[in-house]
Amino acid sequence: MEPVIEVKNLTKEYKKLKAVNDLSFEVQKGEILGLLGPNGSGKSTTINCILSLLKFSKGSIRIFGQEMKPNAYDIKRKIGVVFQEVAVFDELSVYDNIDYFCGLYVKDKKQRRQYIEDAIQLVGLEDFKKFLPKQLSGGLLRRLNIACGIAHKPSLIFLDEPTVAVDPQSRNNILDGIKTLRDQGATIVYTTHYMEEVELLCDRVIIIDKGQILASGTNDELKALANMEEKVTIETKHLRKEQFDYLQSLPNVLEATYQAHQLVIVYRQGNHNLSHLMEYFKQEQIQYDRMYSQRPTLNDVFLKLTGKELRD
Amino acid sequence: MTVFKTYCKVLTKCKWPILLYTVILIFFSAFNTQNNDTSTMFSATRPKIHIINLDENSDVSKHFITYLNDHSDIIDFDSEEAVSDALFYHKISCVITIPKNFGEDFYQGKDVHIDIKSTKDYQGSLIEMMLERYVKVATAYVSIFDDHHDLFQAIDQTLATEVETSIASSLDSDSLNKAALYFNFSNYCLVAGCVFVICMILTSFKSDHIRKRTIISSLNYKKYNRQLLLSNGVFTFVLWLFYIVLSILLVGNAMFTLHGLLYMLNSFVFAFCSLCLAFLIANLVKNKEAINGIVNVLALGSSFLCGAFVPMEMLPEGVLKAAHVLPSYWFIKNNETLKTLETLNTDTLQPIFINMLVIFAFSCLFIIISNIIAKKKRKIN
């Protein structure tokens, strides 16, 4: 099947700085691709190059099998974009804002009216149709921003950090909306530096840093790169040195640390690590406050690949 | 027409400032036209004069003095020096000297000459006219009447005759004065209205984020720019039309004369120039908060410097020279010239059209600078 987006050897240079360095990837129809990377890693620059908002130095970009150019209006008709910054008219109501941006694509009045209603419903702004942007909270404003970008029912949607500085309720609403769009058949490119969102939403993830792809694959494929199965954390003040040494020496333990009354054990593999650990603590009569297990996160992958945290 | 419709929606948010400018225009125009001196109303004045009569015994000199006394205030002085001082300081308008043997020469039909020293102002000229008229009438009747009483009666009757006069000019100077005042004030409203509204709207449309969203849309960006340009043009035209209708309501039928049409044409050219200026400012300014300040500086500044609020004649020469670099100066100059133009022909209209061309040249300059700035902005990416 022909990919919806095909990026080959994309390079964008600002004088001596390479913001995007020889990037190649594909996005398949109906999938949500996550572009994950810290601030300044080149995610937005990549999106801007794909959308022809920026001229790039090298490479090629094809969307729906056609070369993407500034005047490729047929392709643009099928694309929806939600930028990181809220792009709405302060003077227009919620409804009029969506109407304007939808009107840039859809000429038919009746159809547009239906699309606007659908978009309002999707982001949950039914009660705020006549509100001006300045009367909306930050979260509602972000939802309006999304509605303006997707009201014309595009088949390819770019979402550039749509949940930055959003309250939990609005974030959940936005994420639900994105899932609905995916269910309706849209292909989505989602850039963020929130790994939880990527894990929750994306079918495939590309990790970018300094304009280069560090790794790509499904969540599980990427987590495998972290070379760990499980991370168990125990809060205890009563662990003796010989007990810690014993735990560290277990064959499936990759790494163990005990600092500030917190024991962290990273297991290479194993299915019942937590229950075995609990049994050991009971047997040794070691008191503890809390014990919990975590599967490896994309942050662990990023840490493994770059030696730094995703949010550094 | 999505862009045009949205333009109109955003425009409705700017209606209050436009209404405010209009109220200011109506208020100042009405106030000034009420206080404006109409040049068609006249009242008689009584000049102050001094008479030196060297022919005191003559009845004709006495009659002449009586005539003068009826139309002026005769002032007596103690000395010749005091008379000279009074004339020098314009305390009196003239000194009339009736020569010796005036009466004798008059009755003998000889040429009589009455000496007059005048301040040469309009009151002095009035007395000179009265004197000349008296001598002409009296010398005409002296050969007809033998009886002095009959002669003086005839002179009095003739001099008392009032002739109905009418102003030969067809110029409705009252209405044209009103029109000039109105259009001079409209300088402020057109500049402020166009710059404020267009800058506010374009700042929204051209804000980086909305521009980005528009560029990635399926609407051709050139088409989008054309729609925006058309919207601004329509707005400026409607604003101009609104002020023209207002001028018809305030000034009246004079607006349907050739003079009135020229006022309209002049303001149309200026409205176009204001539109171009607004484009330039909109390209320079990104911050909506700054627009109010810029409008005040531009509209109020140009109005004060170029004589929209204060008559041009009252402005210092240096200020007027500096005002040459502003289109408002040429617009107001045309308004002032138009109100005094008695006849309209190629020669008299030439300076009017040259001034309009200067305003148009300013418009072109603003467009060129706007395009250069816009191109530079595009190159940044």
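The values are calculated or read from the model by the stated rules, or taken from the named source; none is laboratory data. Just so it is clear, the model here is predicted, and its values are computed rather than measured. FYI the Cβ positions are ideal-geometry reconstructions off the backbone, even for glycines, and counts take in every protein chain you see.
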Residue match in segment B:185-202 (condition: more than 26 Å from the chain's Cα centre (by Cα) and surrounded by fewer than 16 Cβ atoms within 10 Å (Cβ to Cβ)): no
Options B:278, B:254, B:271; residue that is touching a Gly at 6+ places or on another chain (Cβ under 6 Å) and either surrounded by 22 or more Cβ atoms within 10 Å (Cβ to Cβ) or away from chain A (no Cβ under 14 Å) (or both): B:254
Filter result (hydrophobic (A, V, I, L, M, F, W, C) and surrounded by fewer than 21 Cβ atoms within 10 Å (Cβ to Cβ)) within segment A:89-103: A:92
Residues of segment B:15-34 satisfying the condition of being out of contact with any Phe, Trp or Tyr (no Cβ under 7 Å at 6 or more places or on another chain), within 14 Å of chain A (Cβ to nearest Cβ) and within 17 Å of residue B:240 (Cβ to Cβ): B:15
Residue in segment A:164-179 that is away from chain B (no Cβ under 13 Å) and touching a Ser or Thr at 6+ places or on another chain (Cβ under 7 Å) present: yes
Test for residue B:174: is it of a type in the set (Asp, Glu), away from every other protein chain (no Cβ under 14 Å), assigned to a helix (DSSP H, G or I) and in contact (Cβ under 8 Å) with a residue 12 or more places away in the chain: yes
Within segment A:7-118, strands (runs of 3 or more DSSP E) holding 2 or more residues that are within 13 Å of chain B (Cβ to nearest Cβ): A:79-82
Among residues of segment A:283-293, those that are more than 18 Å from residue A:260 (Cβ to Cβ) and either surrounded by 10 or more Cβ atoms within 10 Å (Cβ to Cβ) or among the acidic types (Asp, Glu) (or both), counted: 2
Complete set of residues in segment A:180-212 that are of a type in the set (Ser, Thr, Tyr) and touching a helix residue (DSSP H, G or I) at 6+ places or on another chain (Cβ under 7 Å): A:180, A:190, A:191, A:192
Filter result for the condition that a residue is out of contact with any helix residue (DSSP H, G or I) (no Cβ under 7 Å at 6 or more places or on another chain), assigned to a helix (DSSP H, G or I), at pLDDT 85 or above and more than 14 Å from chain A (Cβ to nearest Cβ), over B:85, B:76: B:85
Some residue of segment A:30-47 being touching a Pro at 6+ places or on another chain (Cβ under 9 Å) and assigned by TED's automatic domain parsing to the domain that holds residue A:179: no
Flag if residue B:284 is in contact with a Phe, Trp or Tyr (Cβ under 7 Å, 6 or more places away or on another chain), of a type in the set (A, V, I, L, M, F, W, C) and within 23 Å of residue B:189 (Cβ to Cβ): no
